[in-house]
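Structure record follows, encoded as structure tokens.
The values are calculated or read from the model by the stated rules, or taken from the named source; none is laboratory data. As the structure is a prediction and not an experimental result, all values here were calculated from the model. Ligands, DNA and RNA are stripped out before the accessible areas are found, and what is left, the full protein with its side chains, is counted by its heavy atoms. Shrake-Rupley method; radii C 1.70, N 1.55, O 1.52, S 1.80 Å.
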Amino acid sequence: LEDGDIVNIDVSPIFDGFHADLNETFCVGPGVTQKKKDLIKASHDSLMKAIDACKPGFFYRDVGGIITSHINGCGFAVDKTYCGHGVGEYFHCAPNIPHYAGNKAKFVMKVGHCFTIEPMINTGTWKDVHWADGWTAVTKDGKPSAQFEHQLLMHESGAEILTARLPTSPPLWWEEGAQPGAATPVL
């Protein structure tokens with residue numbers, strides 16, 4: 001990693017037989033361009049807009065329309081390869097939650113459902129490729145990508161963010177209390 005890069009860190013712990021899943025994109029050093037910062041913020045904001053719409057009876061497929069509308073307005077592309085998913089005693093289980101508009105996902109949100117939303121947002125093409133390690137995913141055109149993910153539990157009143165940032169978490173650069181010139185927590 002070099003000054004000016006951005007990196008996504010995905011954490012997937014297992015505790016007492018239950019899985020959890022979250023990720024954030026971070027800036028590496030102070031030399032991150034405004035375009036990359038805009039990408040990071042657009043990714044974060046699209047996730048939060050989708051979460052705000054979640055309630056019992058909401059179609060999982062409609063998450064993609066909310067994310068796509070926001071991201072297209074920011075001039076970026078939604079990666080169509082990856083999706084949110086159910087999580088609990090099993091990891092990456094139903095329901096699948098595509099993050100792009102016009103998807104054919106089935107099912108509606110119900111009280112007790114535990115799932116993730118994790119839009120991957122790209123500056124260029126929505127397409128991606130995997131490195132030879134079989135795990136690392138990068139954009140097909142080599143341009144930057146950002147992602148944020150939260151794990152949610154559905155209640156009658158809406159979605160509880162189980163992986164919410166803590167009051168002690170460092171603020172993102174656009175949040176109150178961030179240091180002037182900060183660009184998300186810097187590694």
Using only helices, what value at 222 nm comes out for the chain when you add -39,500 (n - 2.57) per DSSP H run of length 4 or more and divide by the total residues, to the nearest 500 deg cm²/dmol? -6000 deg cm²/dmol
Pop out the Kirkwood hydrodynamic radius of region 76-161 from its pairwise C-alpha distances, inverse of mean 1/r, in Å to one decimal. 14.1
Given contacts defined as C-alpha pairs under 8 Å and at least six residues apart, what's the relative contact order of the chain, whole-number percent? 24
Over region 5-139, average the accessible area per residue using a 1.4 Å probe and give it in Å², no decimals. 49
Listed residue pairs exceeding 19 Å between alpha carbons, taken from LYS55/LYS110; LYS49/LYS127; LYS37/LYS127; LYS80/LYS127: LYS49/LYS127; LYS37/LYS127
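Run the accessible area of the chain with a 1.4 Å probe and give the carbon-and-sulfur part as a rounded percent. Kindly include the intermediate steps, with their values, before the conclusion.
Numbers: 5580 of 9870 Å².
C and S fraction of accessible area: 56 percent.
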How big is the C-alpha Rg of the chain next to the rule-of-thumb value 2.2 N^0.38 Å, as a ratio? 1.01
